[in-house]
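Everything on this sheet refers to the single structure shown next.
The values are calculated or read from the model by the stated rules, or taken from the named source; none is laboratory data. In this text, all values refer to a predicted model and were calculated from it rather than measured experimentally. Don't worry about glycine lacking a Cβ; one is built from the backbone with ideal geometry, like all the others, and counts go over all protein chains shown. Calculation scope for accessible area: heavy atoms of the full protein, side chains included, ligands and nucleic acids excluded. Shrake-Rupley method; radii C 1.70, N 1.55, O 1.52, S 1.80 Å.
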Amino acid sequence: RDPTCQKALLRMSSKEGKAEYKEKVMEAKIGIVDIVCKLCPSISMPLEHFITVCPRLQPRYYTISSSSTVHPKSIHATVSVLNEKRDDGSTFKGVCSNYLSDIVKDGKVRVFVKDSTFRLPTDVSKPIVMIGPGTGIAPMRALLQERAHQKNVQKLNVGSNVLYFGCKKRDLDFIYSDELNEFEKQGTLTKMYLAFSREQSEKVYVQHLIAKNGGETWDLINNQGAYVYVCGGVKMGQDVSEALRQIVAKHKNCSTSDAKKYVDAMSSSGRFVQELWA
């Protein structure tokens, strides 16, 4: 009813209003309830019309963080519960993460399982390099459980397992630290490189450690046929890809375009797999 609200909504829903929509809705974490009740309270329509314009709740995808061999009757998920303060002092809660967090013991949840793109080498002697900062550690935990089972239970000749993990601080969000230390102690985890980005003046991320270990990484992927798995944010995935291309260009002594072809060939053959989210 308010013409000012009407103009604002039309402007933000237009192509020209993308930046404003990003700032005032996405970055401010404003939902449809806030728009109707706070931003534009003059909106008036029949309930059935309102329901038809409300978008359906989209499914949330979480990478399973357990081995089906080790845990055949359960599925583990690694979820960061989103609970943040808005600029106005109110609280913004992630719909799915808080729903999962609030489930009582023996409660029920509707889920479906998609095939993962992560596949361990059929030749178990091949090394694997895992890059999973934050909750990106989820599939790496599953891979390590499976490799530990292959090594300790099936008595197979399992190749080396190298992990790159990153978070803000060791005592804040180093998730699964006890399990990872145990994997390292028992010999399943060959090497673990840790990037705690807020523990020094200059921020250090997993891609920086990979670049630092360029010679070792090159030996693993080129001479030993290692498989590389990456899970986490899109920006991190892009930076890791670029770090790998630079490693290839340096140690193969080739052009950047040839280095890209090398990494692309790894991806095509299933030796470089990424599961990323925005």
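Somewhere in the range 44-56, is a residue touching a helix residue (DSSP H, G or I) at 6+ places or on another chain (Cβ under 6 Å), open to solvent by less than 90 Å² (accessible area, probe 1.4 Å) and assigned to a loop (DSSP other than H, G, I, E, B)?
Checked the range 44-56: no residue is touching a helix residue (DSSP H, G or I) at 6+ places or on another chain (Cβ under 6 Å), open to solvent by less than 90 Å² (accessible area, probe 1.4 Å) and assigned to a loop (DSSP other than H, G, I, E, B).
Please work out if residue 248 is modelled with pLDDT of 95 or more, touching a strand residue (DSSP E or B) at 6+ places or on another chain (Cβ under 7 Å), of a type outside the set (Gly, Ala, Ser) and crowded, with 16+ Cβ neighbours inside 10 Å.
Here the answer is no, as residue 248 does not meet what is asked.
Kindly list the number of the only condition in (1) in contact (Cβ under 8 Å) with a residue 60 or more places away in the chain; (2) small (Gly, Ala, Ser); (3) out of contact with any Ser or Thr (no Cβ under 8 Å at 6 or more places or on another chain); (4) more than 18 Å from residue 119 (Cα to Cα) that fails for residue 177.
Unmet condition: (1).
Looking only at the range 231-250, decide whether some residue is under 21 Å from residue 270 (Cβ atoms) and not in a helix (DSSP H, G or I).
Within the range 231-250 (the criterion being under 21 Å from residue 270 (Cβ atoms) and not in a helix (DSSP H, G or I)), the answer is yes, since at least one residue qualifies.
Conditions (1) under 22 Å from residue 124 (Cα atoms); (2) acidic (Asp, Glu); (3) open to solvent by less than 60 Å² (accessible area, probe 1.4 Å), marked per residue:
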position: 144; (1), (2), (3): yes, no, yes
position: 152; (1), (2), (3): yes, no, no
position: 158; (1), (2), (3): yes, no, yes
position: 169; (1), (2), (3): no, no, no
position: 177; (1), (2), (3): no, no, yes
position: 202; (1), (2), (3): no, yes, no
position: 205; (1), (2), (3): no, no, no
position: 211; (1), (2), (3): no, no, yes
position: 227; (1), (2), (3): yes, no, yes
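Identify the single condition in (1) of a type outside the set (A, V, I, L, M); (2) part of a loop (DSSP other than H, G, I, E, B); (3) in contact (Cβ under 8 Å) with a residue 12 or more places away in the chain that residue 96 does not satisfy, given that it satisfies every other one.
Unmet condition: (2).
Keeping to the range 108-142, report how many residues are part of a loop (DSSP other than H, G, I, E, B), small (Gly, Ala, Ser) and either farther than 26 Å from residue 97 by Cα or open to solvent by 20 Å² or more (accessible area, probe 1.4 Å) (or both).
2
Restricting to the range 83-99, count the residues that are closer than 22 Å to residue 134 by Cα and open to solvent by less than 60 Å² (accessible area, probe 1.4 Å). Spell out the reasoning first.
As a first pass, look at the range 83-99 and keep what is closer than 22 Å to residue 134 by Cα: 83-85, 92-99.
Then drop every residue that is not open to solvent by less than 60 Å² (accessible area, probe 1.4 Å), which leaves 92, 94, 96-98.
Summing the residues that are closer than 22 Å to residue 134 by Cα and open to solvent by less than 60 Å² (accessible area, probe 1.4 Å) in the range 83-99 gives 5.
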